[in-house]
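Enquirer: There's a structure below that I have some questions on.
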Number of protein chains: 2
Amino acid sequence: MRSLLLVTVAAAVLGAAPAKKPTPGDIISGAPASAWRTIDADDLMVMNLATGGRIVVQLAPDFAPVHVANVKALARGNYWDGAAIYRVQDNYVAQWGLNESDRPWPAGVTVKPPAEYTRALKGLAIKPLGYPDAYSPGVGFWQGWPVAYNAMAGSANLTHCYGTVGVGRDLAPDTGTGGELYAIIGQPPRALDRNIAVIGRVVEGIEKLSVLPRGPAPMGFYPDKTHYVPITRIRIASDIPAADRPTFEYLDTDSPAFARFLQLKANRNDDFYRVPAGGVDICSVNVPVRKKTT
Amino acid sequence: MRSLLLVTVAAAVLGAAPAKKPTPGDIISGAPASAWRTIDADDLMVMNLATGGRIVVQLAPDFAPVHVANVKALARGNYWDGAAIYRVQDNYVAQWGLNESDRPWPAGVTVKPPAEYTRALKGLAIKPLGYPDAYSPGVGFWQGWPVAYNAMAGSANLTHCYGTVGVGRDLAPDTGTGGELYAIIGQPPRALDRNIAVIGRVVEGIEKLSVLPRGPAPMGFYPDKTHYVPITRIRIASDIPAADRPTFEYLDTDSPAFARFLQLKANRNDDFYRVPAGGVDICSVNVPVRKKTT
């Protein structure tokens, strides 16, 4: 610390501007290439809207393997031809699919998947967040995902944050197939954790969903099909020709760059922030994910 | 408990449907009139958009008295004539005002207000939430408001939740006048707590803000004034003729009904929710506020 202080004093003596305090954004832009991990093209779902927007979802096969396999089979079986966004509830969800269709399931779809609401904690080397959580005895990160866990129960689950994508279902024991999906567009509805299958998160285009008109019927449904937002197509990125395929990468949550990013997120103290919070919640960390341009 | 169990057994024996488990919504609709508190018309700011929408903000004079007095003086001095929404950043804020105008301040405006980022804890009988918070040693409710507090420091502040309204400012020590306001339209940016003056919360029409197109410039600004969303007028409800004046009430956070509501929010266990969370965060409680129809 002393040498840093001396540098500051020297700069002050010389009249130079003091070093700007780094922001979380500075850490992202300064992170070395080695701190980024490419997302497998087989784990990206690409959804195009008739209005021109594109939404890309990173799938989480390590947390809901059967539901994620279903999503891939549904995409590859063209199940979602003619699908639409048919529900948008303010501060909650945008939901899409066929909405009570009797279209046959494509090959490879498990019609009654198990309740993949949690998975075994074993096998996940979770980096703890380090701040308390109102919903779970433990929260942290694993391979870029925000995770809640319970060491006593030996279980873990993805947390419902802004942009989280899950599987619509009726009342339990139905777990949904993956044919109807929702994305969170408001405050994290963490009470859904462990009650529904989470299959991933939006890594591009969440704002194409969050701006949609809220549905006037109960729970945000569009009562009139003319208000549906048509989906042109849903594909898995690995099925798209390489030249047109979007590629994304996330900041390795085990990297020193992420540790520094997390420390700054919990202690904003720069030109604007004068009182560091001294903590951050699991959803507000927003693990950096970006489009890979090279 | 035993008598309740007997009733259930009897119902089962008789073949009647078991009693439906109550939801938080059931508690709201069943709360007695005595559990509701009317919001003073002098503490409601009514904002009309040229697009037809109306936004109503409950002001919090107990937390930022000078800034709230400014907002009332600005409204009454017609300062916001020609104002607009000029910034909408996804998962963060919608912001409105005159945006770098040199219009003179109306009478009664304190041009350099004190930093009302916190207030004394003394005088607030806070009902604790009862679950941990990542940002503050204590969180709870006072007269319907979500509050963070620090007993050691003797300070308290309103928390940044979905719908919270605060005062835009430049870098400290500037605290803003109240001429530029923002509302939260995404995950609670709790790091802003204690760094900015909070003057209230949206009690009607937040979805008129959350659906607006996100600004394409950095921080969500609309670079082109033709994209601004014009504001027709901003008034304090007590200045509106009684017949046209909207009236709102909140569920008394010291009432038994609120205690039951809170308990259910933290332990959803009904036809849809099978695994109660066992906790809830301060922002997700969403203290019930409704339009008064009588």
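Enquirer: Using a Cα distance threshold of under 30 Å, what count of lysine pairs results for chain B when pairs must be 8 or more residues apart or interchain?
Expert: Eligible lysine pairs with Cα atoms under 30 Å apart amount to 27.
Enquirer: Once the dipole of chain A is set up with Lys and Arg at +1 and Asp and Glu at -1 on Cβ about the Cα centre, which of A:GLN143, A:GLY179, A:MET47 lies farthest towards its positive end?
Expert: A:GLN143
Enquirer: Also, I was wondering about something else. Under the classification rounded if a/c is under 1.5, otherwise prolate if a/b is larger than b/c and oblate if not, where does the protein assembly as shown fall, given a ≥ b ≥ c as square roots of the Cα gyration tensor eigenvalues?
Expert: Cα axes put the protein assembly as shown in the rounded bin.
Enquirer: Could you work out Rg/(2.2 N^0.38 Å) for region A:84-195, with Rg from alpha carbons only?
Expert: 1.17
Enquirer: Note down the nm distance, to one decimal, between modelled labels 7 Å out along Cα→Cβ at A:SER29 and at B:ASP102.
Expert: Between A:SER29 and B:ASP102, the label points sit 3.1 nm apart.
Enquirer: Sticking with this one: Along the charge dipole of the protein assembly as shown, Cβ charges K/R +1 and D/E -1, which of B:GLY154, B:CYS283, A:ALA156 sits furthest on the positive end?
Expert: Final value for the positive-end residue is B:GLY154.
Enquirer: How large is log10 of I(q)/I(0) for region A:20-173 at q = 0.11, 0.15, 0.19 Å⁻¹ when the intensity is taken from the Debye formula with one equal scatterer per alpha-carbon?
Expert: -0.58, -1.03, -1.42
Enquirer: What number, in percent, do you get for the relative contact order of region B:136-225 if the mean sequence gap of Cα pairs under 8 Å and at least 6 apart is divided by its residue count?
Expert: Reported relative contact order: 21 percent.
Enquirer: Please report, in debye to the nearest 20, how large the charge dipole of region B:135-217 is about its Cα centre when each Lys and Arg carries +1 at its beta carbon and each Asp and Glu carries -1 there.
Expert: That gives region B:135-217 a dipole magnitude of about 140 debye.
Enquirer: Express the relative contact order of region B:64-190 as a whole percentage, based on alpha carbon pairs under 8 Å and six or more residues apart in sequence.
Expert: Across region B:64-190, relative contact order equals 28 percent.
Enquirer: With a cap of 11 neighbouring Cβ atoms within 10 Å, and only residues DSSP puts in a loop, list the trypsin sites (Lys or Arg not before Pro) found in region B:79-176.
Expert: B:LYS122
Enquirer: Please work out whether region A:145-294 counts as rounded, prolate or oblate from its C-alpha gyration tensor, where a ≥ b ≥ c are the square roots of the eigenvalues and a/c under 1.5 means rounded, while otherwise a/b larger than b/c means prolate and anything else oblate?
Expert: prolate
Enquirer: Please report, in Å, the Rg and the Dmax of region B:165-251, where both are computed over Cα atoms only.
Expert: 15.3, 43
Enquirer: In whole Hz, what ³J(HN,Hα) sequence does region B:107-114 give by Karplus (6.51, -1.76, 1.60; θ = phi - 60°), x for Gly and Pro?
Expert: Residue by residue, region B:107-114 yields 4, x, 8, 7, 6, 10, x, x Hz.
Enquirer: Right, another one. Tell me, what ³J(HN,Hα) does each residue in region B:267-284 have, in order and in whole Hz, if you take phi through Karplus 6.51 cos²θ - 1.76 cosθ + 1.60 with θ = phi - 60° and put x for Gly and Pro?
Expert: Listing the rounded values in order: 9, 4, 7, 9, 4, 9, 8, 9, 10, x, 5, x, x, 7, 8, 4, 7, 6 Hz.
Enquirer: Taking K and R as +1 and D and E as -1, what net charge do the other residues with C-beta under 13 Å from the C-beta of B:GLY108 add up to?
Expert: Counting the neighbours of B:GLY108, the net charge comes to +2.
Enquirer: For a bin width of 10 Å, list the pair-distance distribution of chain A built from all Cα-Cα distances, rounded to whole %.
Expert: Bins of 10 Å from zero give 6, 25, 33, 21, 9, 4, 2, 0 percent of pairs.
Enquirer: For region B:224-238, just list the computed ³J(HN,Hα) in residue order, Karplus coefficients 6.51, -1.76 and 1.60, θ = phi - 60°, integers in Hz, with x standing in for Gly and Pro.
Expert: Values, residue by residue: 10, 4, 5, 8, 4, 9, x, 9, 6, 6, 10, 10, 8, 4, 5 Hz.
Enquirer: Can you compute the charge dipole magnitude of region A:111-255 about its Cα centre, using +1 on each Lys and Arg Cβ and -1 on each Asp and Glu Cβ, nothing else charged? Give it in debye, rounded to the nearest 20.
Expert: Numbers: 14 positive and 14 negative charges, 41 e Å.
About 200 debye.
Enquirer: If you don't mind, there's one more thing I want to ask. Report, by chain and number, residues whose modeled amide H sits under 5 Å from the one on A:THR232, excluding near sequence neighbours (fewer than 5 apart, same chain).
Expert: Counting only residues 5 or more places away or on other chains, the set is A:ASN48, A:LEU49, A:ALA50.
Enquirer: Please state the charge dipole magnitude for chain A, taken about the Cα centre, from unit charges on C-beta atoms (+1 on K and R, -1 on D and E), reported in debye and rounded to the nearest 20.
Expert: Details: 30 positive and 26 negative charges, 117 e Å.
My answer is approximately 560 debye.
Enquirer: Quick one: which residues, 5 or more positions from B:ILE199 or on another chain, have an amide H under 5 Å from its amide H? H modelled 1.01 Å from N in the peptide plane, none for Pro or chain starts.
Expert: B:VAL165, B:GLY166, B:VAL167
Enquirer: Okay, moving on. What is the spin-label model distance, in nm, from A:ASP254 to B:ASP62 if the labels are put 7 Å beyond Cα along the C-beta direction?
Expert: Each label point is offset 7 Å from its Cα along the Cβ direction, giving 5.0 nm.
Enquirer: Show the residues, 5+ positions off or on another chain, whose built amide H is closer than 5 Å to the amide H of A:TYR117.
Expert: none
Enquirer: Can you give the relative contact order of chain B as a percent, counting alpha carbon pairs under 8 Å and 6+ residues apart?
Expert: Normalised by residue count, the contact order of chain B is 27 percent.
Coordinate-derived values only; no laboratory data. Just so we're clear, the structure is a prediction, and the values are computed from it rather than from any experiment. Glycine also receives a Cβ, built like all others from the backbone with ideal geometry; neighbour counts cover every protein chain displayed.
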